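Single-structure report; data block below.
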Amino acid sequence: MKFFLILTFLFASFGDGKYDEFKITDEYLEYDVYWKFINLGKIRIWVKVTGDSVYSRIHVGSNPYIFFLNVDYTFESRFHKDFLIDSWLSVYEIKDGIPLKTDFKREKDLIIARQFDMRNESLIGQKSIVYPDRYYHGITAFFVVRKLCGTGVVVYLPLLFATEEKLERPPFVLRVEKSRFDFLDEREEVKISSFGSQIKTIKFGGYAFFVSKELAGVTGEFNGWLSDDWARVPIKATFNTFLGVVRLELSKWEKQGWNPPVK
């Protein structure tokens, strides 16, 4: 709870200043993922805003021609635009030819994950952990980063995730792990393959203290560059994985009234 109060104070403190430029609006964002010069796959993000309600869906898919990588996940969530904590999350995947859906929800002091066989919507099993404190997941953290980028603060965000453990039934472990985010007040101009001019960005950094085996072993240090304007669109990011450093670059976008801010 103490962490939540600190973060709420941060949002309020910067709410009326220059960092309040970011607004959540409808958008479609597409990213190419590279390891060196090899295209590993794509990340697609859909956001739909209805009143104060935000629906977001993210698909992470590896390049089908890359034999050493097989990633295919879809994440979806709905939450209030000003209240990003403790929201439900659904994850879709296919494992051993079976389409699965795993729902993550807050129930009192518990976080409960229930996994379903989508062929007949039957419950395969569930896991729960006692966690009375607030948490974020991958989708809501995506918007927290955009809200706080450039504020010059360092925060530790508690992130919910499940990692596969074959001896478990169902075969995953539910966890909340904190990651450090350094929201630097640092401006840079970056170049990406899909855009001909240098783009004005705000840089942030951080460190993940866990290993996401399902997402190519993402762990350790990461960096990101967001557009230096009201949209705070992620332009580029780098992550450590079991392959080494991978790079994400914005390749397509649909967002009313927005194009990357040029030098």
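The values are calculated or read from the model by the stated rules, or taken from the named source; none is laboratory data. Just so we're clear, the structure is a prediction, and the values are computed from it rather than from any experiment. Reconstructed Cβ throughout: ideal geometry from the backbone, glycine too, with neighbour counts over all protein chains shown. Calculation scope for accessible area: heavy atoms of the full protein, side chains included, ligands and nucleic acids excluded. Shrake-Rupley method; radii C 1.70, N 1.55, O 1.52, S 1.80 Å.
Does ALA162 satisfy the condition of being surrounded by 19 or more Cβ atoms within 10 Å (Cβ to Cβ) and under 21 Å from GLU76 (Cα atoms)?
Working: surrounded by 19 or more Cβ atoms within 10 Å (Cβ to Cβ): yes; under 21 Å from GLU76 (Cα atoms): yes.
So ALA162 fits the description; yes.
Within the set ILE235, ILE192, the sole residue that is more than 16 Å from the chain's Cα centre (by Cα), open to solvent by less than 10 Å² (accessible area, probe 1.4 Å) and of a type in the set (A, V, I, L, M) turns out to be ILE192.
If I ask for residues that are under 15 Å from the mean Cα position of the chain (by Cα) and open to solvent by less than 20 Å² (accessible area, probe 1.4 Å), which ones from segment 223-232 would you list?
Within segment 223-232, the first condition is being under 15 Å from the mean Cα position of the chain (by Cα), and the residues that meet it are 223-226, 232.
Correct list: GLY224, LEU226, ARG232.
The set of residues in segment 185-231 being at pLDDT 95 or above, under 15 Å from TRP258 (Cβ atoms) and touching a strand residue (DSSP E or B) at 6+ places or on another chain (Cβ under 7 Å) consists of ILE199, LYS200, THR201, LEU226, SER227, ASP228.
Restricted to segment 16-46, and to residues there that are open to solvent by 40 Å² or more (accessible area, probe 1.4 Å) and hydrophobic (A, V, I, L, M, F, W, C), the residue that is nearest to PHE242 (Cα to Cα) is TRP35.
Taking (1) closer than 25 Å to VAL49 by Cβ; (2) open to solvent by 10 Å² or more (accessible area, probe 1.4 Å); (3) not in a loop (DSSP other than H, G, I, E, B) in turn, GLY125 satisfies each apart from (1).
Residues in segment 238-263 that are open to solvent by less than 20 Å² (accessible area, probe 1.4 Å) and of a type in the set (A, V, I, L, M, F, W, C) were compared, and the one that is nearest to GLY196 (Cα to Cα) is LEU250. Determine which single condition ILE98 fails, assuming it passes every other condition in (1) farther than 20 Å from TRP46 by Cβ; (2) in contact (Cβ under 8 Å) with a residue 24 or more places away in the chain. So ILE98 meets the others, but not (2). Take the conditions at pLDDT below 95 and touching a helix residue (DSSP H, G or I) at 6+ places or on another chain (Cβ under 7 Å) and apply them to THR151. Does it pass? The answer is yes for THR151.
Flag: THR219 does not match the condition of being closer than 25 Å to ILE24 by Cα and without any contact (Cβ under 8 Å) to a residue 24 or more places away in the chain. Taken over segment 128-152, residues that are part of a loop (DSSP other than H, G, I, E, B), of a type in the set (Gly, Ala, Ser) and surrounded by fewer than 19 Cβ atoms within 10 Å (Cβ to Cβ) amount to 1.
For segment 217-255, name all the residues that are assigned to a loop (DSSP other than H, G, I, E, B) and closer than 20 Å to LYS147 by Cβ.
First, pick out the residues of segment 217-255 that are assigned to a loop (DSSP other than H, G, I, E, B): 217, 228-233, 242-243, 255.
Hits for segment 217-255 are ASP228, ASP229, TRP230, ALA231, ARG232, VAL233, LYS255.
Look at VAL155 and say whether it is over 23 Å from GLY61 (Cβ atoms), buried (at least 17 other Cβ atoms within 10 Å of the Cβ), of a type in the set (A, V, I, L, M) and in contact with a Lys or Arg (Cβ under 9 Å, 6 or more places away or on another chain). For VAL155, the condition - over 23 Å from GLY61 (Cβ atoms), buried (at least 17 other Cβ atoms within 10 Å of the Cβ), of a type in the set (A, V, I, L, M) and in contact with a Lys or Arg (Cβ under 9 Å, 6 or more places away or on another chain) - is met. Residues to consider are ARG175, ARG187, ARG106; find the one that is outside any loop (DSSP other than H, G, I, E, B), loosely packed, with under 13 Cβ neighbours inside 10 Å and of a type outside the set (Gly, Ala, Ser). Answer to the selection: ARG187. Within the set LYS23, LYS48, the sole residue that is over 30 Å from ARG187 (Cβ atoms) and under 20 Å from the mean Cα position of the chain (by Cα) turns out to be LYS48.
Regarding TYR156, is this residue in a strand (DSSP E or B), among the hydroxyl-bearing types (Ser, Thr, Tyr) and in contact (Cβ under 8 Å) with a residue 60 or more places away in the chain? Spell out the reasoning first.
Details: in a strand (DSSP E or B): yes; among the hydroxyl-bearing types (Ser, Thr, Tyr): yes; in contact (Cβ under 8 Å) with a residue 60 or more places away in the chain: yes.
When the stated conditions are applied, TYR156 passes them.
For segment 47-94, the set of residues classified as more than 14 Å from TYR136 (Cβ to Cβ), open to solvent by 60 Å² or more (accessible area, probe 1.4 Å) and not in a loop (DSSP other than H, G, I, E, B) consists of LYS48, THR50, ARG57, ASP72, ARG78, TYR92, ILE94, listed by residue number.
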